[in-house]
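**Q** Have a look at the structure that comes next, please.
Computed from the coordinates by the stated procedures, all read-outs in this text should not be read as laboratory data. Remember, predicted model here, so these are calculated numbers, not experimental data. Here the Cβ positions follow ideal geometry from the backbone for every residue, glycine too, while neighbour counts run over all protein chains shown.
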């Protein structure tokens, strides 16, 4: 039979794992970004390889086979590029996300201009500047911005682990 004490032990384990994972994210954010980038590259490469082989094996029966084959080959190429050029892939991703953040900033500023005199535009302007700050950071230094985000995730994971352990030990609400 599964007792509450066994669940508590699992909770302690989970809390400690969260704290360790959070500490690793805090101490080594660049390394975490590199690992995640390599993982994404490997997944893209494996998916592309699988997709290409599957299309080639069923070539005569698959509709849109040329498009699907091109998709598989493009996924393999993207995965290979990411694996061979991890830093460049991080910079490109940062620039793309930075451009997206810049577009969101412009959208907020245009919305604020359009709403002027009809509603409170302060929230739209504030969010516009937040998007603008992220755009500038991502375009200027992708690695530093991603490191900051990973650091924040690490802080969150560590705090979550502490909360789980405290919930079990002190608050008894686990």
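**Q** Out of the residues in region 152-166 that are within 19 Å of the chain's Cα centre (by Cα) and surrounded by fewer than 18 Cβ atoms within 10 Å (Cβ to Cβ), state the one that is nearest to residue 16 (Cα to Cα).
**A** By that ranking, first place goes to 160.
**Q** How about region 77-117: which of its residues are within 30 Å of residue 129 (Cβ to Cβ) and not in a helix (DSSP H, G or I)?
**A** Of everything in region 77-117, those that are within 30 Å of residue 129 (Cβ to Cβ) and not in a helix (DSSP H, G or I) turn out to be 116, 117.
**Q** Can we say residue 19 is within 30 Å of residue 148 (Cβ to Cβ), surrounded by 13 or more Cβ atoms within 10 Å (Cβ to Cβ) and out of contact with any helix residue (DSSP H, G or I) (no Cβ under 8 Å at 6 or more places or on another chain)?
**A** No; evaluated as a whole, the condition is false for this residue.
**Q** Also: Answer yes or no as to whether residue 106 is within 30 Å of residue 127 (Cα to Cα) and surrounded by 15 or more Cβ atoms within 10 Å (Cβ to Cβ).
**A** Judged against the criteria, residue 106 is not a match.
**Q** Take the residues of region 74-103 that are surrounded by fewer than 14 Cβ atoms within 10 Å (Cβ to Cβ) and free of Cβ contacts under 8 Å to residues at least 24 places away in the same chain: which is farthest from residue 46 (Cα to Cα)?
**A** Ranking the qualifying residues of region 74-103, first place goes to 103.
**Q** Further question: For region 43-73, give me each residue that is free of Cβ contacts under 8 Å to residues at least 12 places away in the same chain and under 30 Å from residue 134 (Cα atoms).
**A** Within region 43-73, no residue meets the criteria.
**Q** OK, next. I need the full set of residues from region 117-146 which are touching a residue at least 60 places away in the same chain (Cβ under 8 Å) and surrounded by fewer than 18 Cβ atoms within 10 Å (Cβ to Cβ), in order please.
**A** Hit for region 117-146 is 143, nothing else.
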